[in-house]
Amino acid sequence: MSPDPFRFSLHAQDGTARAGEIATPRGTIRTPAFMPVGTAATVKAMYPGQVRELGADIVLGNTYHLMLRPGPERMARLGGLHRFMNWDGPILTDSGGFQVMSLSALRKIDEDGVTFRSHVDGTAHRMSPERSIEIQGLLGSDIQMQLDECVRLPAERAAVEKAMHLSLRWAERCRVAFGEQPGRALFGIVQGGTDPDLRVESARELVNLDLKGYAVGGLAVGEPQAVMLAMIETVEPHLPRDKPRYLMGVGTPDDILGAVARGIDMFDCVMPTRAGRHGLAYTRHGRVNLRNARHAEDTEPLDAASSCPAARDYARAYLHHLVRTNEILGMMLLTWNNLAYYQDLVAGARAAIRDGRFAEYCARTREGWARAERAAA
């Protein structure tokens with residue numbers, strides 16, 4: 001039997017922080033990796049080529065939104081998600097579970113799946129574990145996620161435990177539905193809220209399914225950062241060393257550094273693109289709110305040393321003007337800057353881990369943010 005073309009290689013470790021690569025038929029994903037979010041088959045305000053040039057090896061698509069528009073069967077007839085959005089690298093699709101729970105009206109969960117109404121037009125839909133995998137297969141994604149139940153926190157332990165066990169049963173059904181697909185991967189999702197015992201039980205049971213990767217879900221939903229990091233520390237020892245680990249929906253640059261330090265390999269978050277559309281820039285010097293009047297006559301760029309033209313070649317005064325006048329170019333430039341910064345952040349983390357100086361890299365990066373905050377105070 002020939003080896004599976006989807007495989008994870010761990011190249012270096014500094015403490016618990018890891019640097020490696022995920023090989024796929026559509027290209028290599030360098031880890032730690034930040035995945036720009038292309039919710040509806042587009043990373044908002046960016047061309048696909050720009051996203052690739054910034055160093056992104058993989059993007060994320062959203063099963064819930066794509067099943068509603070344009071629809072998975074239509075997507076398959078059009079050649080799949082890669083061709084549809086003109087992205088030739090790997091794509092990860094989430095299962096749609098989080099959006100079903102958070103966006104849909106009149107949802108009803110039972111053992112077989114969830115019935116819900118679209119937030120777009122109110123039409124009724126049914127999502128089972130098998131249908132989630134079928135949709136992701138029609139989209140043609142390279143990494144697919146199990147369907148899970150996402151409980152709003154804070155919640156009673158009984159509700160969290162019930163949802164965790166249901167998610168485990170759904171994970172088994174997703175595994176059966178996914179079958180054997182060389183070159184593609186199914187990831188399980190560790191649930192359990194903020195209860196360490198439930199998190200450990202979830203992780204152990206998922207590992208028994210021998211999936212190709214494991215995600216930590218249900219975090220970064222309003223709990224303090226310390227709680228999120230504590231849950232990662234709880235789960236990490238129970239995840240296989242030779243499989244990629246994905247923290248879903250995270251997060252701020254500081255969240256990412258903290259999670260990398262605790263053994264996480266993959267991240268996604270709408271934060272850099274959403275912030276860019278609302279006038280907020282992420283830089284080596286911390287966050288910069290371009291709506292602030294203090295930038296109205298500032299001729300300095302966001303970061304003169306950046307390799308990204310959006311950060312290097314435009315004055316803050318001009319960016320302030322674009323933001324205050326709601327010009328589309330402002331959203332485009334700040335999104336470009338933010339995604340560049342996130343890719344630079346994880347590229348720096350990869351290099352630091354390989355050189356055995358990750359703690360130093362984190363300290364220096366955080367000092368840069370703090371120094372800018374002190375100067376602005």
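A short reminder: the numbers here are calculations on the coordinates, not readings from a lab. This is a predicted model, so every value here is computed, not measured. Methodologically, a virtual Cβ is constructed for each residue, glycine included, from the backbone with ideal geometry; neighbour enumeration extends over all protein chains shown.
Sequence gap at least 6, Cα distance under 8 Å: using those rules, report the relative contact order of the chain to the nearest whole percent.
About 17 percent, as a whole number.
So how far, in whole Å, is the C-alpha centre of segment 181-200 from the one of segment 57-112?
Here the answer is 19 Å between Cα centres.
For Asp88, what charge total do you get from the other residues with a beta carbon under 10 Å from its beta carbon, if Lys and Arg give +1 and Asp and Glu give -1?
Neighbourhood net charge equals +3.
Can you give me the angle between helix 328-354 and the longest principal axis of the chain, using Cα atoms only, in degrees from 0 to 90, rounded to the nearest 10?
Between the helix axis and the principal axis of the chain, the angle is about 70 degrees.
Taking θ = phi - 60°, what integer Hz values does the Karplus form 6.51 cos²θ - 1.76 cosθ + 1.60 yield along segment 267-277, in sequence order, with x for Gly and Pro?
These are the phi-based 3J(HN,Hα) values: 9, 8, 6, 7, 3, x, 6, 5, 4, x, 6 Hz.
Placing +1 at every Lys and Arg Cβ and -1 at every Asp and Glu Cβ, with all other atoms neutral, what dipole size does segment 7-269 have around its Cα centre, in debye to the nearest 20?
With only Lys, Arg, Asp and Glu charged at Cβ, the dipole is about 700 debye.
What is segment 276-376's relative contact order, in percent, from Cα pairs under 8 angstrom and six or more apart in sequence?
About 33 percent, as a whole number.
Under 26 Å between alpha carbons, and skipping anything fewer than 8 positions from Lys44 in its own chain: which lysines qualify?
none
Looking at Leu206, Ala293, Gly61, which one has the Cα that reaches farthest to the positive end of the dipole of the chain (charges on Cβ: Lys, Arg +1; Asp, Glu -1)?
In the chain, that residue is Ala293.
Given H placed 1.01 Å from N in the peptide plane, which residues other than close sequence neighbours of Val216 have an amide H under 5 Å from its amide H?
Val190, Tyr246, Leu247, Met248
Per-residue HN-Hα couplings for segment 297-314, Karplus 6.51 cos²θ - 1.76 cosθ + 1.60 at θ = phi - 60°, whole Hz, x for Gly and Pro?
Per residue, the Karplus-derived 3J(HN,Hα) values read 10, 8, 8, 7, x, 5, 7, 5, 8, 6, 7, 8, x, 4, 7, 9, 10, 10 Hz.
What is the distance, in nm, between label points placed 7 Å from the Cα along the Cα-to-Cβ direction at Ala305 and at His285?
Each label point lies 7 Å from its Cα, and together they span 1.2 nm.
How many times 2.2 N^0.38 Å is the alpha carbon radius of gyration of segment 209-284?
My calculation over the Cα atoms of segment 209-284 gives 1.17.
Taking θ = phi - 60°, what integer Hz values does the Karplus form 6.51 cos²θ - 1.76 cosθ + 1.60 yield along segment 116-124, in sequence order, with x for Gly and Pro?
Karplus-based 3J(HN,Hα) across segment 116-124 equals 8, 10, 4, 6, 7, 9, x, 5, 8 Hz.
Can you list the lysines whose alpha carbon sits under 29 Å from that of Lys108, skipping same-chain ones fewer than 8 residues off?
Partners within reach: Lys162.
Which of Asn62, Asn326, Asn208 moves the most in a Gaussian network model of the chain with Cα springs under 10 Å?
For the chain, modelled as a Gaussian network with Cα springs under 10 Å, the answer is Asn208.
Along the charge dipole of the chain, Cβ charges K/R +1 and D/E -1, which of Ser118, Trp336, Met101 sits furthest on the positive end?
Trp336
Starting from the Cα of Val221, step 7 Å along the direction of its Cβ; do the same at Ala40; then give the gap between the two resulting points in nm.
For the pair Val221/Ala40, the computed spacing is 2.4 nm.
When you count, for each residue, the other Cβ atoms within 10 Å and take the mean per peptide, how do 295-307, 215-227 rank with the highest first?
Answer by packing, highest mean first, reads 215-227, 295-307.
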